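The structure appears right after this line, and notes come after that.
The values are calculated or read from the model by the stated rules, or taken from the named source; none is laboratory data. From a predicted model like this one, the values you see are computed outputs, not experimental measurements. Here the Cβ is made from the backbone with ideal geometry for all residues, glycine too, and neighbour counts use every protein chain on show. The accessibility values were calculated without ligands, DNA or RNA, using every heavy atom of the protein model including side chains. Shrake-Rupley method; radii C 1.70, N 1.55, O 1.52, S 1.80 Å.
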Amino acid sequence: PARLPGIGGYGTNPRVALNTDGTTNGRVNTLTSLGTLNLYDPANEGGANSNTVFDAPVAFAPIAAMVNFGVGRQQIDISSLRYLFQTGRDKTGENLMVVTRDSGSGTRNGFMNSLGVDPSWGVGENIGPQSTSPALNLLGPDFVPSNKGGAGSLEATVKNHRLAIGSTGAERMPPYLSTGQAELLAVRNDLRGGTAYARPTVDRILDNGLAGQIDPSTGLPFPTDGYTIGGPETFASIGDPQAAPAAHGGTPGNSHPAIDNAEAAAYLNNIRLSISAFIGDPGGDTTLFTPGEYLATQFVLNAATDRVQNPTNPSDMIPNPILNQALQDYTRQHSLFADPVYASYNTSASGLVPARTVPPPSGTYSDGVAGGTNYIDQAGNVVGYGTSLTRRNLVAGDFNGDGLRNIDDAAQLAAAWRTRNGGPAWVAPSGTGGIAGAPGPDAVIEILGDFNGDGNFNAADVRYWADGLAIATSGPHAGKLDRKAGFTAIDTAFGGNFFGTTIAGGRPYTAGDSRADVAGPSGRVTRGASPIGADGVIDQLDVDYVRAQFIGNPFVTDGEANWDNPAEAVGFDLSADINGDLVVNQADVDEILAILGQGCAADFNHDTIVNSQDFFDFLNAFFALSPSADFNHDTIINSQDFFDFLNAFFAGC
């Protein structure tokens, strides 16, 4: 996932996208091959031919981490962005909704390269084929979070889903920022030693080194960290535009292969020459209303920034060899990014009411509104799509009203679920004076609790919360996801087995056991998106699935899948973390076996009886080289596993 441009294997992530039900749809994430084309190499002038692609640098395009107000974050580390876009989850394990452009998008490429991520690995939720229909941006049965075929689709989806983060051209953000529809995150380049969070303001884009690095425009250290996320705007053509006739803007004496279409060459040369003229006289009368002026004000000309991206490692910023101080001074005064809306997070806005598909196939969503044409709040008022949200609905998942989304929301989340399922009204707990934990008359259950984007608040969202949003507030896992505590909290708040999970062999259910129900006969999962693998039964399928995350997994080299290691996190399903420590290993398998009542290692089929059936089941698994036959857990299935099983079998334990 961290391969750099030009390195073998770059752009070749083999993962294909899935549908929301876990079936594959064939959408690939690999970058398109140049095929018979080749890139121009200045060191090999004689190597250019009719298949050579020439790049014409145009400008630097800052890219923003666009965020829905419901996420509840104003800033983020680059390390977190890497986790989110590679796995669909944060480095804390929190399961946000990561919205991506389609593979091959220049914005996706620039954003990922800036983070030090091979763009083919920036899959986010990895759900859906290329998405161009506006209907797929709406919450409801057809909602798709990934592979958006255009910036407008991505932005509409981020604006709509209350847990959404995406990436888009920073120049596109003012309409969203100025009207409180969505925001952008300040970013800290923690992987490069950054200590401050930067928004894409003109000063942070131009003065784009890290604090302590030398500013080439002043010779002094940068006082603070700059904004470094973006990509090169480049015109690529088969043939060199500058090899065109002089009348079409070509350069005399250029002997490179020319573009077949001279008018296309003239167009590219006009922009190139316009940029050159503007750099020579920024804001001069002869440069007004020209392509150069437009690019200098709506984007950032390459000669304006103190540092530039290292072309072989775009997350590394190096001194700009063509820095033009006059151009930088002009840009600082006239750039779009000098707009005050870029300067700070809008803390007075809450975002817009999400829009749902109308009507849903069933006729209503979980709130019972006929035709699904709006939401209703706790006071019974109509809440229209696209209107401004109230502060009580600011943070998605904040059921207890404390402004946060964490495990403390369990009791009120369960109370809201009861309200939607024939139970008592969702009200403040006794003894709180009607404040702490109160839903408030303007709280909207479906807006607070529709985590998977289907327009409803139902058991699937409760599972989503326990599996990916139950952030611990105390203890050894404070600030991180704790699946065990999350499922236990839901059962405790509900007063029993919330999901109606059964245990193979008839063992009695204990609060939190549902965390072990992660796989079923279909084998379908959508890791990073929604936890759909559960089939209502805890059995050998769950044991095998958890074991497969760390045994025989090519991403895992040390016998356990550790979420703290990003190189391993991209290759396993965190839903298999049964004990809540963000590591999937034998301890998680043992925890499932304990739930199953497996007190004896030789009870291979976990029916609590050691008999010949266990022997034959083990033999079948052994000869099929099933991961479950790795009896000694050394990641190798061989005769030692066979003898170890026999010893346990004849010992009766």
For this session: Any chance you could count how many residues in the stretch 108-146 are among the hydroxyl-bearing types (Ser, Thr, Tyr) and crowded, with 23+ Cβ neighbours inside 10 Å?
Result: 4
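Can you find a residue in the stretch 11-18 that is among the small types (Gly, Ala, Ser) and surrounded by fewer than 18 Cβ atoms within 10 Å (Cβ to Cβ)?
no
So which residues in the stretch 4-54 are among the charged types (D, E, K, R) and modelled with pLDDT under 95, if there are any at all?
Arg15, Arg27, Asp41, Glu45
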Exercise. Under 9 Å by Cβ, and 6 or more places apart or on different chains, what pairs join a residue from the stretch 285-299 that is at positive phi with one that is open to solvent by 70 Å² or more (accessible area, probe 1.4 Å)?
Worked result: none
Exercise. Hey, any hits in the stretch 252-268 for a residue that's among the polar types (S, T, N, Q) and in contact with a Leu (Cβ under 8 Å, 6 or more places away or on another chain)?
Worked result: no
Problem set entry | Residue list for the stretch 299-348, restricted to those being open to solvent by less than 40 Å² (accessible area, probe 1.4 Å) and among the aliphatic types (A, V, I, L, M) | Val300, Leu301, Ala303, Ala304, Val308, Met317, Leu327, Leu336, Val341
For this session: Could you check, for the stretch 580-602, whether at least one of its residues is β-branched (Val, Ile, Thr), within 22 Å of the chain's Cα centre (by Cα) and within 30 Å of Asp450 (Cα to Cα)?
Result: yes
Problem set entry | Ile592 out of contact with any Leu (no Cβ under 9 Å at 6 or more places or on another chain), open to solvent by less than 10 Å² (accessible area, probe 1.4 Å), closer than 18 Å to Gly523 by Cβ and not small (Gly, Ala, Ser) | yes
For this session: Can you tell me which residue within the stretch 435-492, out of those that are among the acidic types (Asp, Glu) and assigned to a loop (DSSP other than H, G, I, E, B), is surrounded by the fewest Cβ atoms within 10 Å (Cβ to Cβ)?
Result: Asp442
Exercise. Here are some conditions: (1) open to solvent by less than 10 Å² (accessible area, probe 1.4 Å); (2) in a loop (DSSP other than H, G, I, E, B); (3) modelled with pLDDT under 95. Gly599 meets all but one. Which one does it not meet?
Worked result: (1)
Exercise. Is there a residue in the stretch 542-549 that is acidic (Asp, Glu), within 26 Å of Thr23 (Cα to Cα) and open to solvent by less than 10 Å² (accessible area, probe 1.4 Å)?
Worked result: yes
Problem set entry | Residue match in the stretch 365-372 (condition: charged (D, E, K, R), in contact with a strand residue (DSSP E or B) (Cβ under 9 Å, 6 or more places away or on another chain) and over 25 Å from Ala64 (Cβ atoms)) | yes
